[in-house]
Amino acid sequence: MIDVRRPQGRFLSMPSQYRIRTFIQDGYYHVFNRGTAKGEIYKDQNDYEIFIHLLRTAVLPASESIQRKNFYQKIRIISFCLMPNHFHIELQQTNEDTLPKFMSSLTVAYSMFFNRKYHRTSALFQGKYQSTNIDSDTYLLHLSRYIHLNPHSLGVNPFRYRYSSIEAYTSYKHPWIYTQPIDELLDITSQKQREDWYKSFLLSVDDFGSLEKQDPFL
């Protein structure tokens, strides 16, 4: 098991605005974007649910998905959180350069839904998504905590936030979330152990305010 205490500097920080242009096979990435002019990209419960539906069905087996473009076993979602004006996704791509195709499919489909629903014609997102390579086990682990604690900035208990993958780690929900990398880093071998250990891991952060100040999307 690796040390799950507060990590050094950058592991609690947002990455730089650098955009990766080459994605490697079996690489892990943090992908994020926000609305144009920091505007809302989710206005009601249905909007959040549609985005999660698109995210989930894109990584299900083709026989269980209604989407034309399927990324089953090509993209694995480790964690995500949807906030009113931005999103964070932690994922692994198993094929080289699949991530750009996945993100294009996801954001185009959602933008079309959102613009049609609200009678919009302008761009929904502030340019192309941003991404950073997750280059260490420590970064991978603590990024999942950073993502799941985002709702704290809204004054919401992260464990009760409906629009993240937190319940994949604290209950039996979201079986499509790829929990294996986090399980291995925390030496988790059962669902009950995951619930107990991951909750303790999230609560071990000692300064919620520092997370909020370092996220330019908040």
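Every number in this text was worked out from the coordinates using simple rules, so none of it is lab data. As the structure is a prediction and not an experimental result, all values here were calculated from the model. Methodologically, a virtual Cβ is constructed for each residue, glycine included, from the backbone with ideal geometry; neighbour enumeration extends over all protein chains shown.
Length gain on complete extension for the stretch Leu154 to Ser136, per 0.36 nm per residue less the alpha carbon to alpha carbon distance?
3.6 nm
Using amide H atoms built 1.01 Å from N in the peptide plane, name the residues 5+ places from Tyr178, or on other chains, whose amide H lies under 5 Å from its own.
Excluding prolines and chain starts, which carry no amide H, the hits are Ile77, Ile78.
List the pair-distance distribution P(r) of segment 23-213, using every Cα-Cα distance, as the percent of pairs falling in each 10 Å bin from 0 up to the bin containing the longest distance, rounded to whole percents.
Calculated over all Cα pairs of segment 23-213, the distribution is 9, 37, 39, 15, 1 percent.
Taking the Cα centre of each part, how many Å lie between segment 23-58 and segment 122-201?
So the separation of the two Cα centres works out to 14 Å.
Student exercise: in segment 23-213, how many lysine pairs 8 or more apart or on different chains have Cα atoms under 16 Å apart?
7
If amide H atoms are built 1.01 Å from N in the plane of the peptide, which residues on other chains or at least 5 residues away come under 5 Å of the amide H of Tyr28?
For Tyr28, the qualifying residues are Ile134.
Please give the contour-minus-distance gain from Lys199 to Gln180: 0.36 nm per residue of separation, less the Cα-Cα distance, rounded to one decimal in nm.
Stretched out fully, the Lys199 to Gln180 stretch lengthens by 5.2 nm.
Could you give me D for segment 106-171, from Stokes-Einstein at 4 °C and 1.567 mPa s, where the hydrodynamic radius is the Kirkwood radius over C-alpha pairs? Units µm² s⁻¹, please.
88
For the pair Gln25/Arg162, report the inter-label distance in nm, with labels modelled 7 Å from Cα in the Cβ direction.
Computed distance between label sites Gln25 and Arg162 equals 4.2 nm.
Using the Karplus equation 6.51 cos²θ - 1.76 cosθ + 1.60 (θ = phi - 60°), what ³J(HN,Hα) coupling, rounded to whole Hz, does each residue of segment 117-124 give in order, writing x for Gly and Pro?
Along segment 117-124, the couplings run 5, 9, 6, 10, 10, 8, 5, 7 Hz.
Neighbour counts of other C-beta atoms within 10 Å: give me Met83, Met112 arranged from fewest to most.
Ordered from fewest to most neighbouring Cβ atoms within 10 Å, Met83, Met112 come out as Met112, Met83.
Which value in nm describes the separation of the simple spin-label points at Asn46 and Lys74, placed 7 Å from the Cα toward the beta carbon?
3.1
Between Val108 and Asp187, what is the spin-label point distance in nm, taking each point 7 Å from the Cα along the Cα→C-beta axis?
In this crude spin-label approximation the distance works out to 4.7 nm.
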